[in-house]
């Protein structure tokens, strides 16, 4: 007997797919079982180390008419040290809310997409376009699944993308980009009692912090509906011991952007400013590297996938979100119209006692089914 919608989602939550290490193939095995019960063809891509992508394709009637890609990821972030009221893998339901790690980000959206595709398959609904459900591994860390998909797939054949990340059922047309830069200063050690004999990398990092503060205003940009760009210094480390002048210090900087394709320009500008700051002979040496680069993704609200989503959801308002998605990997130039929509509540993502409202999850299945029918009719 096939599980109910809620039981299926609970079974996904019951599996610990926190990343690292991910172990996403255990989630994939549930999709495999569900497909085999319902005689749905599927494909599994082995990524090694108990990790994999999973795909179901509903074939359309028209030739070379573009493909609709339905996307979600199977991994979650780790639990953390804060106490939970509910076991994060028990998938308990209380007062209409289903609790657990991944309920909102984003196993509820993932399950809803799949169940919509399953219903269309069972109904033998005639689609004009190919529709692919894709569950990727690794989005929370390195997007290993999305990266592999891009390398092995003709992305030019993808007409539109739907990503079921948490939006509280809002029609979202884009998300901010993220550029993380690590700065390392290398000075010279000396005895703590003779600081003039060394070059203090920890003290010198203040100059980088001042630059970050200045760039908050210089690089400030606002773009509806994504909101404002930002830059912040979020992690620092350096020093050997209290009585030794430190010869190294690192600083990690988080930049969030609202305009596509500017990360290379920002990185070059940032490096040039550091060259100016540390040009004196007694300055520490510096090096920089990009430790994460996720593109801003934005879609015009007049694109068909967005207009269809607005029609199905009976609203005329579009929104943006601050987090990034696998869309940064699949659609880094924003050339493919992309919708982000899910039943989860974005402010609960990565939080203790994460939950999804059961009714919102059920509604999203219907939304995705109607969206697919409307778009690929």
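Values quoted throughout were computed directly from the atomic coordinates according to the rules given, and no laboratory measurement underlies them. In this text the structure is predicted, and so the values were computed from the model without any measurement. Neighbour counts run over all protein chains shown; Cβ positions are idealised from the backbone, glycine included.
Counting other C-beta atoms within 10 Å, which of 175, 191 has the fewest, and how do the rest follow?
Fewest-to-most Cβ neighbours within 10 Å comes out as 191, 175.
Taking only the alpha-carbon positions of region 95-190 and ignoring solvent, what does the Debye formula give for the base-10 log of I(q)/I(0) at q = 0.10, 0.12, 0.16, 0.25 Å⁻¹?
Normalising to I(0) and taking log10 leaves -0.44, -0.59, -0.94, -1.53.
For helix 25-37, what angle does its Cα long axis make with the longest principal axis of the chain, in degrees from 0 to 90 and rounded to 10?
Roughly 10 degrees between the two axes.
How large is the convex hull of the C-alpha atoms of the chain per residue, in Å³?
So the per-residue Cα hull volume is 150 Å³.
Given the Cα atoms of region 177-294, and with Rh set as the inverse mean 1/r over their pairs in the Kirkwood sense, what is Rg to Rh to two decimals?
Here the Rg-to-Rh quotient is 1.05.
Relative contact order for the chain using alpha-carbon pairs under 8 Å, separation at least 6, rounded to a whole percent?
Here the relative contact order equals 24 percent.
Using only the Cα atoms of region 191-250, construct the convex hull and provide its projected area averaged over every direction, in square nanometres to one decimal.
4.8 nm²
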